[in-house]
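*Asks:* Before I ask anything, let me first share the structure, which is written out below as structure tokens.
No lab work stands behind these numbers, since they all come straight from the coordinates. Keep in mind that this is a model prediction, so the values were computed, not measured. Glycine gets a Cβ as well: all are built from the backbone with ideal geometry, and neighbour counts include every protein chain shown.
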Amino acid sequence: MQTKRVKTAVVGCGIISHVYLRNMTRLFSILDVVAVCDLNPELAQQAANEYGIPHVLTLEEIEASQEIELVVNLTPASAHYGIIRRLLLSGKHVYTEKTMTAQLDEARELVNIANEKGLYLAVAPDTALGASIQTARWAVDHGLIGDVTSCIVSINRDQNLNAERFRFLRSAGGALPYDVGIYYIQALLTILGPVAEVTGFGAPARPRQRQFLFNEYDPESWQIPGNNLVAGSLRFHRGALGILHFDGNTIGAECSTFRIYGTEGILELGDPNCFGEPIRLIKPESPPCNLPLTHGYNGSCFIDDATDFEKGYGNRGIGVVELAWAIRKERPNRLSKEMGLHALEVLCCLDETAASGGVYRMTSTFTCEPLKAGIYSSMWGGGARADAELSLVD
Ligand SMILES: NC(=O)c1ccc[n+]([C@@H]2O[C@H](COP(=O)([O-])OP(=O)(O)OC[C@H]3O[C@@H](n4cnc5c(N)ncnc54)[C@H](O)[C@@H]3O)[C@@H](O)[C@H]2O)c1
């Protein structure tokens, strides 16, 4: 018997919504996208027309809908708390873009509401379910680098320059650790499990001095809230030590670093903001090699001609699909509220220890099962699409 599809609505029809909507309406059997919503109804109508979605609704109408079970929240982080809270209180399961909220106490409240009401709340990024990060998890779980001893991750951007184009970066949740560092933290959590202790140093964003490139005649000035530069340390429950370095106050030529060290080897990962970056295995007495990817969803979308944007972001939406199957199978979902809360706690505690000194002992924890290996999303050497939804079912 065919599983009943999950009636789904999307709130927020901005830049990232396109790759989600394209995949969610055309790639997966479990989702039935029935409505879109945006503060700007024209944007929502355009999305409905482009992706063949029957209804444009307000948030109130989504809350009142009897048929919608799951809502995908693609609004800026500063809007997340209010929207997610309303949706949970109206009985909807929620998948939200990162970070769950901009404030830890708000995230804790949302987790409590979801628990009380028996609802799912899943948190992006879903690149953690992509081929690269799942392959790295597989390699670590299967002992390819022995016992993990340590890890180091680093990313840099000119976040002030990015905030010229992406205005939401000027509000809470827009600093580099929250906007981009979260991909690195989420990937580390997926591969190495929960963190026990955190400490960090931080520095704020520089006030925006001048405008160039995009909004040349925009008179507004801003300072991205929070620490835009963080240097931190982690101790994982399993004993490994970690270094985090997120610098949003430097230039925009990104130099992504991601290494996991073990007693028998080193894994080098690519940018965890992507799905199919190579995973390099370094051993003592042979040349480094790229591991074959053990999982599907390597970023290729195989629908018509993917735009350059979609090539990088190709499989966004697989976290929604994994959640939809969790709802139907009544099993835990992988990008769980507990994991989203834990990732946010790491970020917030970097800020807290940067301000107060000392070491913060984490209060939250989570588990995240790996996806089943050996189910691929392309065939014929990447020349055609295969159906990897099966890897998201159980
Ligand atoms: N742009 C990217 O490359 C990218 C990549 C990955 C994740 N994200 C995340 O996705 C989310 C959205 O990013 P974006 O780039 O699409 O932003 P965007 O500003 O382009 O789009 C956000 C949309 O949400 C709408 N919105 C805001 N508040 C709303 C409300 N209360 N009700 C209904 N609609 C509301 C806005 O009108 C806007 O159209 C953010 O959390 C961001 O961190 C963005």
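*Asks:* Please give the contour-minus-distance gain from Arg165 to Thr257: 0.36 nm per residue of separation, less the Cα-Cα distance, rounded to one decimal in nm.
*Replies:* On the way: separation 92, 0.36 × 92 = 33.12 nm, distance 2.50 nm.
Length gained, Arg165 through Thr257: 30.6 nm.
*Asks:* Moving to a separate point now. Out of the DSSP beta bridges found with both residues in the range 128-296, what percent are antiparallel (nearest 5)?
*Replies:* Working: 32 of 39 bridges.
Counting only bridges with both partners in the range 128-296, antiparallel ones make up about 80 percent.
*Asks:* Using the reciprocal of the averaged 1/r over all distinct C-alpha pairs, how large is the Kirkwood radius of the chain in Å? Kindly include the intermediate steps, with their values, before the conclusion.
*Replies:* Details: mean 1/r = 0.0468 Å⁻¹.
For the chain, the Kirkwood estimate is 21.4 Å.
*Asks:* Moving on. Which value results for Rg/Rh of the range 128-296 when Rg is the Cα radius of gyration and Rh the Kirkwood radius based on the inverse mean 1/r? Show your work: numbers first, answer last.
*Replies:* On the way: Rg = 17.7 Å, Rh = 17.0 Å.
Here Rg/Rh amounts to 1.04.
*Asks:* Arrange Ile145, Ile84 by Cβ neighbour counts within 10 Å, fewest through most, would you?
*Replies:* Fewest-to-most Cβ neighbours within 10 Å comes out as Ile145, Ile84.
*Asks:* In whole percent, what relative contact order does the chain give with Cα contacts below 8 Å and a gap of six or more residues?
*Replies:* On the way: 887 pairs, mean separation 75.1, N = 394.
Relative contact order of the chain: 19 percent.
*Asks:* A further question follows. What's the center-to-center distance, using Cα atoms, between the range 128-198 and the range 66-120 in Å?
*Replies:* 22
*Asks:* Between the range 250-284 and the range 326-373, what is the C-alpha centre distance in whole Å?
*Replies:* The range 250-284 and the range 326-373 have Cα centres spaced 21 Å from each other.
*Asks:* Something else now. Listing Lys92, Lys4 from the residue with the fewest other Cβ atoms within 10 Å to the one with the most, what is the order?
*Replies:* Values: Lys92 23, Lys4 10.
Fewest-to-most ranking of Lys92, Lys4: Lys4, Lys92.
*Asks:* Give, in nm to one decimal, the length gained when the segment between Glu285 and Glu63 is fully stretched (0.36 nm per residue of separation minus the Cα-Cα distance). Let's see the in-between values first.
*Replies:* Details: separation 222, 0.36 × 222 = 79.92 nm, distance 5.98 nm.
Full-extension gain reported as 73.9 nm.
*Asks:* In addition: With each run of n ≥ 4 DSSP H residues scored as -39500 (n - 2.57), what mean residue ellipticity at 222 nm is computed for the chain after dividing by its residue count and rounding to the nearest 500 deg cm²/dmol? Can you show the working numbers first?
*Replies:* Details: 11 runs with 121 residues, N = 394.
That calculation yields -9500 deg cm²/dmol at 222 nm.
*Asks:* Let me ask something additional. Just tell me which lysines come within less than 22 Å, Cα to Cα, of Lys372; anything on the same chain fewer than 8 places away is out.
*Replies:* Correct list for Lys372: Lys329, Lys337.
*Asks:* Which percent, to the nearest 5, of DSSP beta bridges fully inside the chain are antiparallel?
*Replies:* Working: 36 of 62 bridges.
Counting DSSP beta bridges with both partners in the chain, the antiparallel share is about 60 percent.
*Asks:* Using the basic label-point model (7 angstrom from Cα toward the beta carbon), what is the Asn49 to Glu197 distance in nanometres?
*Replies:* Between Asn49 and Glu197, the simple spin-label model gives 5.9 nm.
*Asks:* If you don't mind, another one. Report, to two decimal places, the Cα Rg of the range 1-52 normalised by 2.2 N^0.38 Å (N = number of residues).
*Replies:* Working: Rg = 11.3 Å, N = 52, 2.2 N^0.38 = 9.9 Å.
In units of the globular-protein estimate, the range 1-52 measures up at 1.15.
*Asks:* Mean-square fluctuation check for the chain, GNM, Cα pairs under 10 Å: which of Glu116, Glu69, Glu345 is largest?
*Replies:* Glu116
*Asks:* Next question. For the chain, with a Gaussian network of springs between Cα atoms less than 10 Å apart, report the residue from Gly91, Gly130, Gly118 with the top mean-square fluctuation.
*Replies:* Highest fluctuation among the options: Gly118.
*Asks:* Only residues of the range 236-257 count here: report those whose backbone N is under 13 Å from the spot 7 Å along Cα→Cβ of Arg206, or say none.
*Replies:* 248-252
*Asks:* When the Debye formula is applied to the Cα atoms of the range 311-379, each taken as the same point scatterer, what base-10 log of I(q)/I(0) results at q = 0.14, 0.26 Å⁻¹?
*Replies:* -0.64, -1.17
*Asks:* With the chain treated as a Gaussian network of Cα nodes joined by springs under 10 Å, which of Ser378, Ser356, Ser286 yields the largest mean-square fluctuation?
*Replies:* Highest fluctuation of the listed residues: Ser286.
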